[in-house]
Amino acid sequence: MSNILEVKNIHSFINQFHILQDVDFVVPEGSITALLGRNGAGKTTTLKSILGLASVREGKVIFEGREVQGMPPFEIAALGIGFVPEHRAIFRDLSVEENLKIAERNKGDLDRKRTFIFDLFPDLKKFLNLRGTDLSGGQQQMLAIARALVADNSLLLIDEPSEGLAPVIIEHMIDAIRQLSEQSTVVLVEQNFLVASKLAKYFVIIEEGKSVASGLMKDLEADKAMIHRYLGAA
Amino acid sequence: MKTNLRKNSKAIIILVIIAAFLFVAARGMSGRDVLITVLRGFSTGSVTFLVAAGFSLIFGLLDVLNLAQGTLYMIGAYVGWTVYVRPDTFIDVLTPVLLILAGFSLSALWGRLASRIQLAPKARKIISWLLILAGLGLLALVLTRYPIAIWNLNNYSESPITYSYMADQGLRIIPAEVTFEKISPFLAIAGLLVSSAISAFGIALLNRNESRSQTINWRKFLVPALLLLGGILAAVFNAQITSWMFAMSTNWLFVIAILIAILSGVGLGALMETTLIRPLYSRPIYQLMLTLGLGTIGLQIVQAVWGRPEFVWPKPEFFTGTGGACPATNLADLLENNCSTVFLLGGRVRVYDEIFIPIVGIIVLIVVWILLKRSRIGMIIRAGVQDRQMVEALGINVRRVFTLVFALGVGLATFGGALAAPSTGLTPVMGERLLLSALIALAIGGLTSFPGAALGSLLVGLIQQFMIKYGQIGIPLPFTDVVFKPSPPLVPASTVLLMVIVLLILPGGLLGSKE
Ligand SMILES: Nc1ncnc2c1ncn2[C@@H]1O[C@H](COP(=O)(O)OP(=O)(O)O)[C@@H](O)[C@H]1O
Ligand SMILES: [Mg+2]
């Protein structure tokens, strides 16, 4: 099986701050890989480094066989990476429809994907004309994921999708992510270990800006000591 | 809707108070005076709005306070005037401008080549800058040998008053044709093209990383080729085009002048953003100093070329008719005789100043509004104002949108200058005054709100014109016999007063965000 993404010993900076100090992992194509680690470990920064939103000063990021570190973020994203950021980043001044429309990379993307997206999140259809701000947390999260699905992305980077959501909605979100992972590879950052273990096939643990462990999720689930050591209580 | 009303209740109360104030004040005036004053208010407001809207668009997306906006407004007026009154200068300048643009537009092609060149970062930087400087030096060398009337500065800066006066009388002075003497035409054309292409290569080398994934196809050659062709044609047929423009109907000449003024603003804006503003995005103070400095430099250049004294921009034929049924009392008469004034409520209203300018202001308002609300670019602008990183993460080249918005904002300012000049006349200080008005209008309306810019500009225009009118006829103070005549300095002071009152109650301005 080939790797759609390889992150090779990267060191990343946000402004002057040296935040990632040697993160190294691969993402096999066609599965879900979970990035785990405590708060402030550097998971979000890892996703930003892949997209070029944090500057990678050392190491390589290889997406579909191509070195992308140092390229401007919009060019990296246009290669086929969708981003669902922490806190959703829904555009407040845009309607739900426009929030989807803006993600088009080619004319007609949204129309082609409409059925797929609304099968996944039927609720969105009802809110199309509302403004981004008028949505609840769960609806915003659906919209943020849907936005990443509009263009043809072979890789999705999803940051803490379950954060601040009610348990029923988390269940719904899990189903949706599982469904969409049949179409694209997913890198999932998740604080909620239960959610991560239900979805992911592989895991990578990040600790203080370094990748410290990786492997199959089912091995990690069995290794209570490791979970305790890196992720605290589980 | 209800929540909207509640959210804006303070703004509505202030507006009602202003309206009541104007209404009470207007009771001392005849209906005719009120109408004219309101129309003039709309006119001043429209011009202020063009500058303010540009300022606000730029600030909203790029966080840049473009204090050069006033100077650019003035430049728009002078460029437009030059096309209108001195088409010979315009055509002379057109050739070098098009050639330089052709050279620089090659930079998109150079990107691919530049990314192939492997150099140590330091060496690359030094070589890039050497190339840029060498290119610019050569450019200046060739350019000063170009036959353009402006190069004879002393002579040129004396002449605008004479030319304006004669054009106003309907007599056009046709200046002697300037010819290539100091340099052969071929060398001049090739020299400009090559020197700007060298600079462009230096720039491409400097920004090597940005253009790695570019593909080259014939379309990339189209723009440079068209520019080159245009430049050469303008050089070859210089005399013919010039005399054709001198003979043209002033209505068409006016349209061309306005278009060129807008285009020059768009070009200047794009140039400013890509070369000077872009490296300073993380340093707001330097940016402020830069735009302020550019404003001053622009002012000096304009004074050197066109001189300090005030002169007029004669209005086009369409607005200067006096014979027959003028001043017109109905639309048919107006259109048939191209009347310069019409009778409204028994008063004479100037068509260009008090009717045409407000109409153009409203059209621009609507067009930009539609652009923001309905087009993809507008959507990206609205999203980018909130969260640039997310827009980039969607695969959108936000930088290009930045350049576009800056160019558009400056284009609005130069448009404003060219539109106002036939009414206000041209003087190098026209920009400072207007920048002040525009900033006050934005503070009143809300710095990043587009409707706020319109509302603030209108209020500033109305207050100014009412104060001017009171200065002429006096305002009877209520409950007394005193008639108060505000002196001219009170005109700008009154707008500042309004701003202070609004900001004390609503720190974000009338329609600004409440964060
Ligand atoms: N803009 C920033 N400036 C300075 N430090 C930052 C910035 N963003 C994140 N950090 C620091 O980088 C570290 C990693 O952050 P992050 O990647 O967001 O962690 P995680 O997503 O794993 O919770 C944290 O210690 C955080 O304080
Ligand atoms: Mg995080």
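The values are calculated or read from the model by the stated rules, or taken from the named source; none is laboratory data. All values reported here derive from a predicted model rather than from experimental measurement. Reconstructed Cβ throughout: ideal geometry from the backbone, glycine too, with neighbour counts over all protein chains shown. Heavy atoms of the whole protein, side chains included, go into the accessibility calculation; ligands, DNA and RNA do not. Shrake-Rupley method; radii C 1.70, N 1.55, O 1.52, S 1.80 Å.
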(request) Could you list the square roots of 5 times each eigenvalue of the Cα gyration tensor of the protein assembly as shown, that is, the equivalent ellipsoid semi-axes, sorted largest first and rounded to whole Å? (result) 55, 36, 21
(message) What whole-number distance in Å separates the alpha-carbon centres of the range B:221-258 and the range A:1-69?
(response) 54
(message) A drop of at least 40 square angstrom in accessible area, chain alone versus all protein chains together, probe 1.4 Å. Which residues of the range B:357-396 meet that?
(response) B:Arg376, B:Met379, B:Arg382, B:Ala383, B:Gln386, B:Gln389, B:Met390, B:Glu392, B:Ala393, B:Leu394, B:Gly395
(message) If you average the alpha carbon positions of the range B:400-429 and of the range B:97-173, how far apart do those two centres end up, in angstrom?
(response) 21
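Taking all protein chains as present, what is the carbon and sulfur share of the accessible area of chain B, in % to the nearest whole number, probe 1.4 Å?
Carbon and sulfur: 70 percent of the exposed surface of chain B.
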(message) Once the convex hull of the alpha carbons of the range B:38-145 is built, what does its volume come to per residue, in cubic angstrom?
(response) 170
(request) Leaving out ligands and nucleic acids, note down the accessible area per residue over chain B with a 1.4 angstrom probe, in whole Å². (result) 48
(request) Could you check how many percent of all C-alpha pairs in the range A:43-190 are farther apart than 23 Å? (result) 33
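Averaging sequence separations of C-alpha pairs under 8 Å and six or more residues apart, then dividing by the length of chain B, give the relative contact order as a whole percent.
Working: 788 pairs, mean separation 160.9, N = 515.
Worked out over chain B, it gives 31 percent.
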(request) List the accessible area buried at the contact between B and A, summed over both sides and calculated with a 1.4 Å probe, in Å² to the nearest 100. (result) 2200
(message) Between helix B:31-62 and chain B, what is the angle of the helix's C-alpha long axis to the longest principal axis, kept within 0 to 90° and rounded to the nearest 10?
(response) 30
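Can you count the Lys pairs in chain B with C-alpha separation below 23 Å, eight or more apart or on different chains? The partial results should precede the final answer.
Working: B:Lys2/B:Lys10; B:Lys2/B:Lys373; B:Lys2/B:Lys514; B:Lys7/B:Lys373; B:Lys7/B:Lys514; B:Lys10/B:Lys514; B:Lys373/B:Lys514; B:Lys469/B:Lys485.
Total qualifying Lys-Lys pairs in chain B comes to 8.
Could you give the Stokes-Einstein D for chain B in µm² per second, using the C-alpha Kirkwood radius, 37 °C, 0.692 mPa s?
The estimated diffusion coefficient comes to 131 µm²/s.
Going by average Cβ neighbours within 10 Å, how do the peptides B:441-454, B:137-150, A:105-118 rank, with the highest at the top? It would help to have the intermediate numbers written out before the result.
Details: B:441-454: 24.8, B:137-150: 16.9, A:105-118: 13.5.
Highest to lowest by the protection proxy: B:441-454, B:137-150, A:105-118.
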(message) Give the separation of the Cα centroids, the range B:64-92 to the range A:174-201, in Å.
(response) 58
(request) State the volume of the convex hull built on the alpha-carbon positions of the range B:15-61, expressed per residue in Å³ and rounded to an integer. (result) 70
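Tell me, Kirkwood radius of the range B:215-305 from alpha-carbon pair distances, in Å?
Details: mean 1/r = 0.0595 Å⁻¹.
After inverting the pairwise mean of 1/r, the radius is 16.8 Å.
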(message) Just to confirm the number: angle between the C-alpha axis of helix B:490-505 and the first principal axis of chain B, 0 to 90 degrees, nearest 10?
(response) 90
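Please give the net charge around A:Thr44, taking every other residue with its beta carbon less than 10 angstrom from that of A:Thr44, where Lys and Arg add +1 and Asp and Glu add -1.
Working: positive: A:Lys43, A:Lys48; negative: A:Glu86, A:Asp159, A:Glu160.
Charge balance near A:Thr44 sits at -1.
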(message) Using only the heavy atoms of the protein chains and a 1.4 Å probe, how would B:Ser423, B:Ser437 rank by accessible area, largest first?
(response) B:Ser423, B:Ser437
(request) On a 0 to 90° scale, report how tilted helix B:9-26 is relative to the longest principal axis of chain B, with both axes built from alpha carbons and the result rounded to the nearest 10. (result) 60
(request) Could you provide, to the nearest whole Å², the per residue accessible area of the range A:28-69 with probe 1.4 Å? (result) 37
(request) Could you provide, to the nearest whole Å², the per residue accessible area of the range A:95-198 with probe 1.4 Å? (result) 41
(request) Any chance you could check the range A:28-62 for residues losing 40 Å² or more of accessible area when the partner protein chains are in, compared with the chain on its own (1.4 Å probe)? (result) A:Leu53
(request) First compute the accessible area of the range A:96-160 with a 1.4 Å probe, then give the percent of it belonging to carbon and sulfur atoms. (result) 47
(message) For the range B:18-126, which trypsin sites (Lys or Arg not before Pro) pass both filters: DSSP loop (anything but H, G, I, E, B) and at most 16 other C-beta atoms within 10 Å?
(response) B:Arg27
(message) Quick one: the Cα spread of the range B:372-431 along its three principal axes, in angstroms, biggest first?
(response) 48, 22, 16
(message) In the range A:65-98, what residues drop by 50 Å² or more of accessible area when the other protein chains are put back, versus the chain on its own? Use 1.4 Å, and skip ligands and nucleic acids.
(response) A:Phe74, A:Glu75, A:Phe91, A:Arg92, A:Glu98
